[in-house]
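One structure is given below, encoded as structure tokens.
Laboratory data are not the source of any read-out in this text; all were calculated from the coordinates shown. Worth saying up front: this structure is predicted, and the values here are computed from it rather than measured. Virtual Cβ from ideal backbone geometry, glycine too; neighbours counted across all protein chains shown.
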Amino acid sequence: MFKKLCLLLFMLCQPIFFGTRVSATAVKDLDLSISLSEVQRQKISFEAPDDSKRKQYSIFLMDSSRSMGGRSVKQTKDMVGKFVKESGASKQEHQIALVGFGDEATVLQAFTPDEKQLLSALEKIETRGKTNLYSGLKRAEQLLQEVKDEGQKNIFIISDRTPTAGEKVNTGKYGSKDIYSYQFANAANNLAQKMKAEQQVSFRTFVFMDKIVDSTKAFARTFFQNIQTDGAFDFKDVQDMDFVFKSKEAGKDFQSGTFNYGSAPAGKEVKDSQAVYHYSDSYFEQSAYAYRKEKNRPYDPRLATMSLNLELAAWSSIQEKNYLLKNRNAKQLLEEIGFEKFKANQHFQERPSKDSIGAVIAQKKLTVKEEDYTLIALAIRGGGYEAEWASNLTLGRSGEHQGFREASEKVLTFLDQYLKENKVTGKIKLWINGYSRAAAVTSLTAGALNKGRKLASGELKAEDMYAFCFEAPAGTLKGTGNDNERHDNIVNVINVNDVVTKVGPEVYPFEFTRYGQDSSLPDKTLLPQEVYESAKSRMEAELKKLDSNLNYKL
């Protein structure tokens, strides 16, 4: 419980301390690309290739007919709410409008970026009557005609059937052989095609296909497929949807979205939590030492935050009971930000034991200053590791902390195997992360590489290794060069109230310590009261954004 509290405190401090918006085995390792194919996630991407498209005008056309009552309308509200929150956290500028359509269409909310207004307007939806999609499209057309500046125009149609009311048109794509209500379908389709041509609207359709009777299911697929320009989705569960927002800033590519991690929000003990990430390959353009040397700061706050995101995703999934699938969150996040050839080590695919250590790895190609690199992401499981905690107490008789050192050696072996199996050659950048026990293992792994430990293949320079250790116990010894400047590529983010960071003991005769330099989270014992209270206030504001309904006391 105490560790959970420390984690929450740490996560709360994250937005303050990390910056503003802008987480070894010798046995056979299994490739889960086949095993995970059953996990069907829907990715909905929004790209702003230049500043003129940074502003997005999005209209949600929500079917509010009688058939949408119950779970369907709740899922609709959840989807729109998810989009509102995540688009607001992205680098894009989103103006959002809400339209409900039953017998007739109603504008529930005109264009606004205001999250509170939009979420409040969502509650106005009442399910009754038939499905008049034409009326909904007509309202959307009128809203878009009022938009005078440039920007991408998006329409999301959410429904559980083809039109059953509204304008009737005989001429069009459909006839009586297609469906009895073809005239309603023609009217809606004709208007949608007109809007594509005249207003350059991007259409996405989300349809509850499981609610459509078999006799009309094929037509429904055809109808919504013909309307869409950027995706026709079978709406099953909003939990399986990922919104990804891509944009450019000063010539750099950025994207944001959400990731899942294995810490259940209160009242949802069998569900993983969810948070927003912000990622860019540009985080790795500078040397790992650059921020400390050039800006007199211990690390790049954007990369530190993304490193915590990846580390959290590398915790065992709570909602997956099958150990083969417990690394799914890390796989999904890494693939979403462009990594490939994902692999989990054997220990991440079986029940953890006292001496096991879970780790995941993936790669992507980078070009920095006309030099080609392979960026290796290596995340060590720092949550949901069950019996592994016992090795925290295995100090050993001499030298570095035995439990952490042995785990580090296994991680290095896993890294070597991956590099050889994938024939990785040339220049490498290594991005390695850990939390708690995994942070100590990350520290010893990075420390060994800094001190000359060679990889099985590829060329890794110290300046190209980015190691982030969150709430790290101490695993190496004082007086062994641990504070040498070469270890400044190892970042230790410490909560001074977390007892885990006191393992192993600092006092004589143990004298354990960490590689690199510690950066402490804001604490009233370390800061002037005015500075601390300001940080605390900002932190409490961020608390409300987390996927939790706990009451926090600081």
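Over the range 392-502, what is the mean sequence separation of C-alpha contacts under 8 Å (at least six apart), divided by residue count, expressed as relative contact order in percent?
Averaging sequence separation for qualifying contacts and normalising by length gives 28 percent for the range 392-502.
Sort all Cα-Cα distances of the range 296-433 into consecutive 5 angstrom bins from zero, then give the percent of pairs in each bin up to the one containing the longest distance.
Going from the shortest bin to the longest, the percentages are 2, 9, 18, 20, 19, 15, 10, 5, 1, 0.
Take the chain, compute every pairwise Cα distance, and split them into 10 Å bins from 0; I just need the percent in each bin.
Result, from short to long distances: 3, 17, 25, 23, 16, 10, 5, 1, 0 percent.
If you rank R486, R139, R397 by fewest surrounding Cβ atoms within 10 Å, what's the result?
Sorted ascending by nearby Cβ count, the order is R397, R486, R139.
What list of ³J(HN,Hα) values in whole Hz, one per residue of the range 410-415 in order, does the Karplus curve 6.51 cos²θ - 1.76 cosθ + 1.60 (θ = phi - 60°) give from phi, with Gly and Pro shown as x?
5, 5, 4, 5, 4, 4
Can you list the HN-Hα couplings for the range 348-359, worked out from phi with the Karplus curve (6.51, -1.76, 1.60; θ = phi - 60°), rounded to whole Hz and with x for Gly and Pro?
Values per residue, Gly and Pro as x: 7, 10, 8, 4, x, 10, 4, 10, 7, 8, x, 8 Hz.
Evaluate the charge dipole of the range 130-275 about its Cα centre and quote only its size in Debye, nearest 20, assuming +1 on the Cβ of each Lys and Arg and -1 on the Cβ of each Asp and Glu.
In debye, rounded to 20, the range 130-275 gives about 480.
Need one number: nm distance between label points at K365 and Y508, each 7 Å from Cα along Cα→Cβ, rounded to one decimal.
5.7
Name the residues whose placed amide hydrogens come within less than 5 Å of the amide hydrogen of L430, ignoring near sequence neighbours (fewer than 5 apart) on the same chain.
Hits under the 5 Å cutoff: I376, M465, Y466.
Please report, in debye to the nearest 20, how large the charge dipole of the chain is about its Cα centre when each Lys and Arg carries +1 at its beta carbon and each Asp and Glu carries -1 there.
680
Residue by residue through the range 479-487, what is 3J(HN,Hα) from phi via Karplus (6.51 cos²θ - 1.76 cosθ + 1.60, θ = phi - 60°)? Round to whole Hz and write x for glycine and proline.
x, 10, x, 4, 9, 4, 4, 5, 8
Can you give the FRET efficiency for E533 and N226, using 1/(1 + (r/R0)^6), R0 = 56 Å, r = Cβ-Cβ distance, to the nearest 0.05?
So the FRET efficiency works out to roughly 0.45.
So what's the gap between the Cα centers of the range 397-427 and the range 108-155, to the nearest angstrom?
54
If I model a spin label at N322 and Q517 as a point 7 Å from the Cα along the Cα→Cβ vector, what separation in nanometres do I get?
4.8
Which of the listed residues, N132, Y174, Q228, is farthest toward the dipole's positive end in the range 49-240, when Lys, Arg count +1 and Asp, Glu count -1 at the beta-carbon?
Y174
Can you tell me what share of the DSSP beta bridges in the chain is antiparallel? A percent to the nearest 5 is fine.
Taking every DSSP beta bridge within the chain, about 35 percent pair in antiparallel fashion.
Quick check on the exposure proxy: order L527, L444 from fewest to most C-beta atoms within 10 angstrom.
If I rank by nearby Cβ atoms, fewest first, I get L527, L444.
Averaging the inverse of every distinct alpha carbon separation and then flipping it gives the Kirkwood radius. What is it for the range 264-317, in angstrom units?
That comes to 13.2 Å for the range 264-317.
Measure of size requested: the Rg and Dmax of the range 188-242, with Cα atoms as the atom set and Å as the unit; please supply both.
Looking at the range 188-242, its Cα Rg and Dmax stand at 12.5, 35 Å.
Divide by every residue of the chain the summed helix terms, -39500 (n - 2.57) for each DSSP H run of at least 4, and state the resulting mean residue ellipticity at 222 nm, rounded to the nearest 500 deg cm²/dmol.
One gets -9500 deg cm²/dmol as the mean residue ellipticity at 222 nm.
Give the cross-link partners of K502 among the aspartates and glutamates, using a straight C-alpha distance below 19 Å as the criterion and excluding same-chain residues fewer than 8 apart.
Cα-Cα hits under 19 Å: E388, E400, E471, D483, E511, D518, D523.
Once amide H atoms are built 1.01 Å from N in the peptide plane, which residues 5 or more positions from E93, or in another chain, come under 5 Å H to H?
K55, Q56
Where both residues lie in the range 49-240, what percent of DSSP beta bridges are antiparallel, nearest 5?
15
Would you mind getting the Kirkwood hydrodynamic radius of the range 49-240 from its Cα pairs, rounded to one decimal in Å?
Result for the range 49-240 stands at 16.7 Å.
Which percent, nearest 5, of DSSP beta bridges in the range 44-115 are antiparallel?
Antiparallel bridges make up about 35 percent of those DSSP assigns within the range 44-115.
Most exposed first by the Cβ proxy, i.e. fewest other Cβ within 10 Å, how do D103, D214, D272 rank?
D214, D103, D272
Please list, by residue number, every one of the trypsin sites (Lys or Arg not before Pro) in the range 320-371 that is coil in DSSP and has at most 14 other beta-carbon atoms within 10 Å.
Passing both the DSSP loop test and the Cβ count: K321, K354, K369.
Would you work out the relative contact order for the range 49-240, in percent, from Cα pairs under 8 angstrom that are 6 or more residues apart?
22
5 Å is the cut-off here: which amide hydrogens, built 1.01 Å from N in the peptide plane, fall below it relative to Q319, excluding neighbours closer than 5 in sequence?
Those qualifying (amide H under 5 Å, at least 5 residues apart or on another chain) are D272.
In nm, give the distance between the simple-model label positions of D253 and K194, each being 7 Å from the Cα along the Cα-to-Cβ direction.
Result: 3.9 nm between the two label points.
Could you please state, rounded to a whole Å, how far the C-alpha centre of the range 219-240 is from the C-alpha centre of the range 469-508?
When both Cα centres are located, 51 Å separates them.
Answer rounded, prolate or oblate for the range 143-217, using the Cα gyration tensor with square roots of eigenvalues a ≥ b ≥ c: rounded when a/c is under 1.5, else prolate when a/b is larger than b/c, else oblate.
Oblate.
If you split all Cα-Cα distances of the range 209-361 into 10 Å bins from zero, what percentages do you get per bin, shortest first?
Per 10 Å bin, starting at zero, the Cα-Cα P(r) for the range 209-361 comes out as 9, 27, 28, 23, 9, 2, 1 percent.
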